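Structure, as C-alpha cells:
The values are calculated or read from the model by the stated rules, or taken from the named source; none is laboratory data. Keep in mind it's a predicted model, so treat the numbers as computed, not measured. Here Cβ is always computed from backbone atoms with ideal geometry, including for glycine, and neighbour counts include all displayed protein chains. All accessible areas refer to the heavy atoms of the entire protein, side chains included, with ligands and DNA or RNA removed. Shrake-Rupley method; radii C 1.70, N 1.55, O 1.52, S 1.80 Å.
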Amino acid sequence: MRTAHGTKNLARGIDQCNERWGVTSGDPGDPSTVGEQQTTESVSEYTPARHRAIIAVRYSVSKRPYDMVRDPLYVDEIQLLRPGTVIPSPATVSRDVNQIYKVGSKHVKEYFSVRVF
C-alpha cells in the first residue's frame, strides 16, 4: 500500500484552506516560516465605526460597565496598537449598544415571527 493512499482529498482541502486564509507552506529549511499567514489581505482595515461596534459588543457580551473605556491601561493598549485612536466616551458606547439592540431586536422578531400563508 502506498503511504499517500487516501490522503489526496485531505491534502487538496488543506491547500485550499491555506490559500483561502493566506497561509503559506513556508521554506522547509526554515521552520519559523512554516504556516506563516500573510495578513495583508485577511486583516480588516481600521475604521472608527468598526472600532465602536467592537467596543459595544465587547462590553455587552462581557457585561462590563461602559466606563471601562476610560481605564488607563485600556487606553494605553489602544494607543500602543494604533497611536492617535480616539476612544469613544461611555455615553457613546451606551448609545451604540442601545442602537445595536434596537436594530437587532427587529431582525430577531422578524426571524421568529409566525408566517401565515
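Give me the pairs: first residue in the range 73-97 and among the aromatic types (F, W, Y), second residue assigned to a helix (DSSP H, G or I) and open to solvent by 40 Å² or more (accessible area, probe 1.4 Å), beta-carbon distance under 8 Å, and six or more apart or on different chains, which are they?
Cβ pairs passing all conditions: Y74/M68.
Give me a count of the residues in the range 71-88 that are farther than 14 Å from Y46 by Cα and touching a helix residue (DSSP H, G or I) at 6+ places or on another chain (Cβ under 7 Å).
2
Just for the range 72-105: of the residues that are open to solvent by 70 Å² or more (accessible area, probe 1.4 Å) and within 16 Å of V57 (Cβ to Cβ), which one is nearest to the chain's Cα centre (by Cα)?
I100
Could you check how many residues of the range 60-76 are over 17 Å from A91 (Cα atoms), hydrophobic (A, V, I, L, M, F, W, C) and modelled with pLDDT under 95?
Of the residues in that region, 1 qualify.
Scan the range 1-54 for residues that are modelled with pLDDT under 70, surrounded by 10 or more Cβ atoms within 10 Å (Cβ to Cβ) and of a type in the set (S, T, Y) and report the count.
4
Pick out the one residue from V57, V108 that is part of a helix (DSSP H, G or I), open to solvent by 70 Å² or more (accessible area, probe 1.4 Å), of a type in the set (V, I, T) and in contact (Cβ under 8 Å) with a residue 24 or more places away in the chain.
Checking each option against the conditions leaves just V57.
Do you know which of the residues in the range 51-80 that are out of contact with any Pro (no Cβ under 7 Å at 6 or more places or on another chain) and among the aromatic types (F, W, Y) is nearest to G104 (Cα to Cα)?
Only one residue fits best here, namely Y59.
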